[in-house]
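Structure first, commentary second.
The values are calculated or read from the model by the stated rules, or taken from the named source; none is laboratory data. Only a predicted model underlies this, so the values are computations on that prediction, with no experimental measurement involved. Note: ideal-geometry Cβ built from the backbone for every residue, glycine included; neighbour counts use all protein chains shown. Just the protein is used for accessible areas: all its heavy atoms, side chains included, with ligands, DNA and RNA removed. Shrake-Rupley method; radii C 1.70, N 1.55, O 1.52, S 1.80 Å.
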Amino acid sequence: MNRMYRMACCGPLAVVALAALPGCLERTIVVTSEPEGAIVYVNDQEIGRTPVETDFKYFGVYEVRLNLEGYDPIVTSRKAATPFYEVPPLDLAAEAVPAKLPTRIAWHFVMTPLASQMPGADKAALRDSLLGRAGELRQSTATAP
């Protein structure tokens, strides 16, 4: 009877004690760019200017956008890959480890200057080209059903 009583009391206490342990997993994404100073959006939320670091909760694909005046914007997606120690059932053991287990994902982007900002760019030719493409687009949409 004494043994049954101990098991009934200690089992729930052990679960509560494990649940009370702080999470020891640190997850960060670091975004850098050339040149620095681009505004970064991850899943349509601004996180700052490069170089920038942010915490994240879930592994998977993120939509990333970078904007910097004088440069072509970058709109892409990047994957935050799951490390081996966060795959079930290893993730339970990783949560219980007293030492911190950092997951640091780094994304680097090289931005391209706008054609109009490049040295020696013929701005009149760029303007004519843009207007020509706009006229073609207008005609193609006007004839569409």
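Of all residues in the stretch 53-65, count the ones that are touching a Ser or Thr at 6+ places or on another chain (Cβ under 9 Å) and either among the hydrophobic types (A, V, I, L, M, F, W, C) or open to solvent by 40 Å² or more (accessible area, probe 1.4 Å) (or both).
8
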Quick count over the stretch 33-52, residues being surrounded by fewer than 18 Cβ atoms within 10 Å (Cβ to Cβ) and either touching a residue at least 40 places away in the same chain (Cβ under 8 Å) or not in a strand (DSSP E or B) (or both), is 7
